[in-house]
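Take a look at the structure set out below.
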Amino acid sequence: MNEIEKLIMLSKRTAKDIAPIVGTTATRISEYKTGKRAITVRKLREWAQALNIPMRDLF
């Protein structure tokens, strides 16, 4: 399980629900989740903060 999958699981929401909160699309989240695109640590930190999930819980 990668960090994006953990973020989705810990938020108890779907990618579609998370997308507007973190300012992206469900398609882009899917690309990060499947490894088609690489997410930066900075963006991952921003998303975790937006969803009130500690970064340490993603690793």
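Quick note: the coordinates plus some simple rules give every number you see, no bench work behind them. Not measured: the values here are computed from a predicted model. Methodologically, a virtual Cβ is constructed for each residue, glycine included, from the backbone with ideal geometry; neighbour enumeration extends over all protein chains shown.
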>> Here are a few candidate values for Kirkwood radius over Cα pairs in Å: (1) 12.5; (2) 11.8; (3) 11.1. Which one was actually calculated from the structure I just gave you?
In response: (3)
>> Quick check on packing: order 11-22, 34-45 by the mean number of other C-beta atoms within 10 Å, highest mean leading.
In response: 11-22, 34-45
>> Can you give me the distance in nm between label points at PHE59 and THR14, each placed 7 Å from the Cα along the Cα-to-Cβ direction?
In response: 3.2 nm
